[in-house]
Amino acid sequence: KAAGRAGRVLALGHDRRFLPAMAELRRRLADGALGQALHVEANFSGSSGFGYKGDQWRASATETPSGGMAGSGIHMVDAMIGLFGPIERVYAQSLRQVLMDDIDDTTSMLFGFENGMSGYLAALSATGSMWRLQVFGSKGWAEIRDERRLEVRLIGAESEVIDYPPFDTR
């Protein structure tokens with residue numbers, strides 16, 4: 001409403017829902033290949049916190065009270081909601097351990113989804129790069145890694161790996 005009153009367009013850029021690997025994961029969940037979804041885990045981490053400048057909004061604890069969660073982890077939360085629906089409960093901790101600016105560098109969260117599933121997210125802004133989303137079901141698991149690789153391991157079967165070409169998430 002505020003954007004409309006100001007004559008501005010407001011848009012959200014949660015593009016991970018549209019990754020080819022995510023579409024395949026969604027299909028396998030829908031057709032029951034993984035069985036009943038039990039738990040989802042995600043990690044969206046990198047070294048971006050080392051490059052923040054004191055006057056940037058991402059370097060401000062007031063603007064980003066949860067460190068890497070605001071800049072990157074939010075994309076994983078959206079991906080989880082896109083796959084499994086609303087989150088009902090959240091337990092979180094956010095710590096500043098190595099960054100010099102007044103922002104946290106390590107955030108972890110536990111989720112309880114309305115559908116009864118559990119979930120976990122880690123978002124760090126002071127480590128090596130990682131992007132991972134993994135779903136555990138009653139028939140096996142599926143993991144998307146670095147947005148372009150889907151690995152599926154069903155109970156009693158060998159892993160199946162699908163590599164996708166680069167996908168522009170900007």
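Some points to look at:
- Tally of residues being touching a residue at least 12 places away in the same chain (Cβ under 8 Å), of a type in the set (S, T, N, Q) and under 30 Å from D101 (Cβ atoms) across the stretch 1-59: 4
- Among the conditions (1) over 30 Å from S138 (Cα atoms); (2) over 20 Å from the mean Cα position of the chain (by Cα); (3) open to solvent by less than 70 Å² (accessible area, probe 1.4 Å), the only one that A70 does not satisfy is (2).
- Odd one out for G35 among (1) in a loop (DSSP other than H, G, I, E, B); (2) small (G, A, S); (3) out of contact with any strand residue (DSSP E or B) (no Cβ under 9 Å at 6 or more places or on another chain): (3)
- Every condition in (1) more than 21 Å from F18 (Cβ to Cβ); (2) touching a residue at least 40 places away in the same chain (Cβ under 8 Å) is met by M130 except one, and the failing one is (1).
- Qualifying residue in the stretch 80-91 (condition: surrounded by 21 or more Cβ atoms within 10 Å (Cβ to Cβ) and either of a type in the set (A, V, I, L, M) or touching a helix residue (DSSP H, G or I) at 6+ places or on another chain (Cβ under 7 Å) (or both)): yes
- Here S159 fulfils each of the conditions (1) over 15 Å from the mean Cα position of the chain (by Cα); (2) open to solvent by 70 Å² or more (accessible area, probe 1.4 Å); (3) free of Cβ contacts under 8 Å to residues at least 40 places away in the same chain apart from (2).
- Extreme residue, modelled with the lowest pLDDT, among residues of the stretch 14-32 that are surrounded by 10 or more Cβ atoms within 10 Å (Cβ to Cβ) and in a loop (DSSP other than H, G, I, E, B): H14
The values are calculated or read from the model by the stated rules, or taken from the named source; none is laboratory data. Everything numeric here is computed off the predicted structure, so don't read it as measured data. Please note: Cβ atoms are built from the backbone with ideal geometry, for glycine as well, and neighbour counts cover all protein chains shown. These area figures cover heavy atoms from the full protein model, side chains too; ligands, DNA and RNA do not enter into them. Shrake-Rupley method; radii C 1.70, N 1.55, O 1.52, S 1.80 Å.
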